[in-house]
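The next block holds one structure in the form of structure tokens; read it before the comments.
The values are calculated or read from the model by the stated rules, or taken from the named source; none is laboratory data. This one's a predicted model, so the numbers in the text were calculated from it and none came from an experiment. Methodologically, a virtual Cβ is constructed for each residue, glycine included, from the backbone with ideal geometry; neighbour enumeration extends over all protein chains shown. Heads up: the accessible areas ignore ligands, DNA and RNA and are worked out on the full protein's heavy atoms, side chains in. Shrake-Rupley method; radii C 1.70, N 1.55, O 1.52, S 1.80 Å.
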Amino acid sequence: MKFPPSKIKKAVFAVNTKDEEKLSESLRKIHSQDPTVQISFSSEAKQLILSCQGELHLATIDWTLKNIYGVEARFDKPKIAFRETIQRSSTSNYRHKKQSGGSGQFAEVHLKIEPWYENMEEPQGFNIRGKEEMDLSWGGKLIFYNCIVGGVIDQRYLPSIMKGVLEVMEEGPLTGSYIRDVRVMVYDGKMHSVDSNDISFKIAGAHAFKEAFLNANPKLLEPVLELTVKVPEEMVGNVMTDLQARRSMIQGIESNNNYQVLKCLTPEAELYNFSTDLRSLTQGRATFKSSFSMYQAVPANIQKELVSK
């Protein structure tokens with residue numbers, strides 16, 4: 001059987017934290033009886049996500065959890081999977097030095113970062129001795145260049161510097177979101193014959209990258225969905241007004257008998273409660289479907305608000 005796609009998504013929590021395992025088990029049982037109830041865990045947002053057909057469906061699930069399985073649940077707005085990237089190049093350096101009796105820690109890293117895009121030319125003005133290209137599990141790429149001249153940093157410490165960079169990329173400085181599409185050139189530094197080690201270079205690499213990132217005009221990217229809404233002709237005006245308030249870009253309108261089909265691109269962050277509002281605006285006569293389209297830059301005023309939060 002082909003089941004209808006979900007209309008709403010909610011983050012679900014057990015009111016009593018000791019019931020969390022019981023909640024997951026109960027939701028699995030509900031899914032086995034009703035496959036239109038989808039359960040997934042977002043490792044990025046660290047939330048259990050429940051997807052279902054609408055508010056009435058959600059109320060039924062809530063009732064079932066409470067009265068059949070004895071679990072009190074709380075439903076909330078799911079976190080949006082933002083991404084962070086940069087808009088210009090930036091250089092920085094960081095010296096990590098720690099002395100606490102015996103051998104200490106010492107590492108100095110100089111690096112340059114640039115925004116990465118497909119078919120980009122190799123960096124100019126560097127002696128490239130090695131290149132590593134990583135497809136990131138959360139989308140986008142990291143391109144890491146070894147441009148060290150004269151052995152100022154031993155070859156064996158380069159993977160540690162890259163680990164430090166990746167650690168920052170897993171929790172970006174703006175909102176703690178993943179960083180994508182950056183290339184890094186490590187071109188200079190210093191090491192100590194006794195005090196330098198992998199952990200020192202990892203720390204120095206992470207700090208140097210974070211500093212360079214914040215100086216490279218960082219921007220926040222948000223997921224944008226391709227949204228198709230089928231609306232009765234006489235109700236199109238109200239729905240279009242609502243869509244425009246949700247920062248939608250109307251891509252096209254087609255006629256279908258007595259209905260109009262609106263195709264638009266809408267930020268995922270703006271679609272919370274859309275199912276409920278659409279039902280109110282059209283007396284339940286409109287339908288919609290959505291799918292992921294791309295990531296695009298968040299407007300500056302919204303980015304400022306999100307970063308301050």
With respect to A269, determine if the residue is within 20 Å of A81 (Cβ to Cβ), touching a residue at least 60 places away in the same chain (Cβ under 8 Å) and hydrophobic (A, V, I, L, M, F, W, C). yes
Selection status of Y178, touching a residue at least 40 places away in the same chain (Cβ under 8 Å), hydroxyl-bearing (S, T, Y), closer than 27 Å to W116 by Cα and crowded, with 22+ Cβ neighbours inside 10 Å: no
Can you list the helices (runs of 4 or more DSSP H) lying wholly within segment 191-309 that have 2 or more residues being over 27 Å from the mean Cα position of the chain (by Cα) and exposed (fewer than 15 other Cβ atoms within 10 Å of the Cβ)? 236-245
Write out, first by first residue and then by second, each pair whose Cβ atoms fall under 6 Å of each other, whose residues are 6+ apart or on separate chains, and whose first residue, in segment 1-12, is open to solvent by 90 Å² or more (accessible area, probe 1.4 Å) while the second is in a strand (DSSP E or B) and of a type in the set (A, V, I, L, M, F, W, C). K9/I49
Within segment 48-97, residues under 30 Å from Y187 (Cα atoms) and either of a type in the set (S, T, Y) or buried (at least 16 other Cβ atoms within 10 Å of the Cβ) (or both) come out as R83, E84, T85, I86, S89, S90, T91, S92, N93, Y94, H96
Would you mind telling me which numbered condition in (1) part of a helix (DSSP H, G or I); (2) within 30 Å of S137 (Cβ to Cβ) L48 fails? (1)
Would it be correct to say that R28 is open to solvent by 60 Å² or more (accessible area, probe 1.4 Å), outside any loop (DSSP other than H, G, I, E, B) and either touching a residue at least 40 places away in the same chain (Cβ under 8 Å) or among the aromatic types (F, W, Y) (or both)? no
Wholly enclosed strands (runs of 3 or more DSSP E) of segment 102-164 bearing at least 1 residues without any contact (Cβ under 8 Å) to a residue 12 or more places away in the chain and farther than 15 Å from V182 by Cβ: none
